[in-house]
Amino acid sequence: MADPAYIVDGVLTDGEAWVAVGSTTISGTSTTSVTFTSTDDGQTGDFSQYMDLCFVCSGSAIYAPASILSLRYKINSDASNYKSVRMKGDRTSATGADENYNQLGQLVSSDPASYQGVTVAWFFDINSAKNKAILTQNGMDRGASQDGVIMLAGRQYTQPEPISSLYFYEPNGFSFQAGSRFDLWGILPRMVTA
Amino acid sequence: MAIMEAIATTYLEADAATVEFTSIPATYEHLTLHYTARSAGSGGGHVIMYLQFGTGGGAVDTGTNYSIHYIRGYASAVGTSVKTADGTYISAGRIPQEGEPADVYGITKVDILDYANTNKNTTLQFATTGHINGEIGFGSGGWFGGTQGAVDRIKLSMANNWVRGSQFSLYGIKSA
């Protein structure tokens, strides 16, 4: 098995900590989910080498009425065992709330066209036995006639297993719009003695 | 060329009073610090942590040269925006304590911008959550003593120990 290019004889050669793991850009009209799965092979797609993961989505979903849609996630294919708290602002108010399900971010519907919901999610310490913790920032602008949303959330998957897969979907089963993009990076540590 | 480099990760195998990053090179544009941490304090609720900077190879600055401004969100509301009096540290994180659920470590991401520029006060922003009692926060802090130079040391501590399993990672970000 060959080492990734940034490891030579078991040594990090350039200190690059930010490694592209996967990227999906939607084409067509029938894609309802995106999955990133650890390759478990010691290569760049192997989640077990990373301290954190960073996920970025710029996306919308196919649904005709003007609507704010959800982007949800599953860790290790599990639909349960999620908690979170978020604070959210729209053009009229700021609110705080618990979201004790697998909410991650928002997507814009087909109206208004060509707008995207953006989500940046940091998955911390993904190979530990801690509850898995995620910090998410969302932004969604829908032009002058519709409310936008900004949100900061702390999310938790309350299970001890390492993260080996991430699954993203719209909970009504709506397909992602063509051009929606999903990217995942792994963040390597540089361990020192504690 | 690497754009984001891992400078150091400290993963505590035993409780510890402080975590310190030293000899931070001035060769990056920005720093980013991630931690998943828990306090050995026996209580519950928000606990103060101390983030302090040093320069010139010396100890961290313990003078009243730090400021912080933040907003918190809860399960039922968003709190008002708060600017505290200037102090001797920046408390950048919601750190769960031993009096709170055992399986929870708070997470924090701190961005320290243009940290090597000696003509600016050092400024950071942070986002954090302790997952407990529905609390999330976003804040900004400054190190403004007027005598500071490029940040080459960061100290993280609190009144109690950090608990075993707490993890702290410092990264440097370069321009293209």
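We did not get these values from a lab; they are worked out from the coordinates using the rules stated. Treat the numbers as computed from the prediction; the structure is a model and nothing was measured. Neighbour counts run over all protein chains shown; Cβ positions are idealised from the backbone, glycine included.
Each 5 Å bin from 0 upward holds the following percent of the Cα-Cα pairs of the stretch B:17-113: 2, 10, 17, 22, 22, 15, 7, 4, 1, 0. Using a Gaussian network model of chain A in which every pair of alpha carbons under 10 angstrom is joined by a spring, one finds that among A:178, A:121, A:64 the greatest mean-square fluctuation is at A:64. For the pair the stretch B:98-137 and the stretch A:27-104, the centres of their Cα atoms are 22 angstrom apart. Multiplying the residue separation of residue A:94 and residue A:181 by 0.36 nm and subtracting their alpha-carbon distance yields 28.5 nm. Straight Cα distances below 16 angstrom link residue A:88 to the aspartates and glutamates A:98, A:99, A:141, A:147, B:135, with same-chain residues fewer than 8 positions distant left out.
What fraction, in whole percent, of alpha-carbon pairs in the stretch A:76-156 exceed 18 Å separation?
Numbers: 1541 of 3240 pairs.
That fraction is 48 percent.
Taking Cβ atoms as reference points and 11 Å as the exclusive limit, the residues near residue B:92 contribute a net charge of +1, counting Lys and Arg as +1 and Asp and Glu as -1.
If we count other beta carbons within 10 Å of each Cβ, what is the order of A:91, B:153, fewest first? The partial results should precede the final answer.
Working: A:91 9, B:153 19.
Ranked by crowding around the Cβ, least crowded first: A:91, B:153.
Spin-label model, residue B:103 to residue A:39: label points 7 Å out along the Cα-to-beta-carbon direction sit 3.2 nm apart.
Within straight-line reach of residue B:174, meaning a Cα separation under 18 Å, sit the following aspartates and glutamates at least 8 residues removed in sequence or on another chain: A:14, A:16, B:5, B:29, B:111, B:114, B:152. Residues B:105, B:11, A:101 in ascending order of nearby Cβ atoms (within 10 Å, fewest first): A:101, B:11, B:105. For a label point 7 angstrom out from the Cα of residue A:129 toward its Cβ, which stretches of the stretch A:41-59 have the backbone nitrogen within less than 20 Å? What the label zone holds, given the 20 Å backbone N cut-off, is A:48-52.
With a Förster radius of 25 Å applied to the C-beta separation of residue A:18 and residue B:13, the computed FRET efficiency comes to 0.45.
Output the relative contact order of chain B, whole-number percent, from Cα pairs under 8 angstrom with separation of 6+ residues. Could you put the intermediate results ahead of the total?
Values: 501 pairs, mean separation 74.6, N = 176.
Over chain B, the number comes to 42 percent.
At R0 = 25 Å, how high is the FRET efficiency between residue B:2 and residue B:118 if r is their beta carbon distance? Nearest 0.05 is fine. Once rounded, the FRET efficiency stands at 0.55.
With K and R counted +1 and D and E -1, the other residues having a Cβ less than 10 Å from that of residue A:136 yield a net charge of +2.
When chain B is treated as a Gaussian network with alpha carbon springs shorter than 10 Å, the biggest mean-square fluctuation among B:92, B:59, B:75 belongs to B:75. Counted over the protein assembly as shown, the DSSP beta bridges are approximately 95% antiparallel.
Stretch residue A:165-residue A:145 to full length: gain in nm at 0.36 nm per residue minus the Cα-Cα span? Kindly include the intermediate steps, with their values, before the conclusion.
Details: separation 20, 0.36 × 20 = 7.20 nm, distance 3.80 nm.
Extra length available between residue A:165 and residue A:145 comes to 3.4 nm.
Using C-alpha pairs below 8 Å separated by at least 6 residues, the relative contact order for chain A is 35 percent. How about residue A:83: which lysines have a C-alpha closer than 25 Å to its C-alpha, ignoring those fewer than 8 places off in the same chain? Residue A:83 reaches A:74, A:130, A:132, B:109.
Taking max minus min of the alpha-carbon positions on each principal axis, the stretch A:40-187 gives extents of 47, 32, 24 Å, largest first.
Ranking of B:90, B:71 by neighbouring Cβ atoms within 10 Å, starting from the fewest: B:71, B:90.
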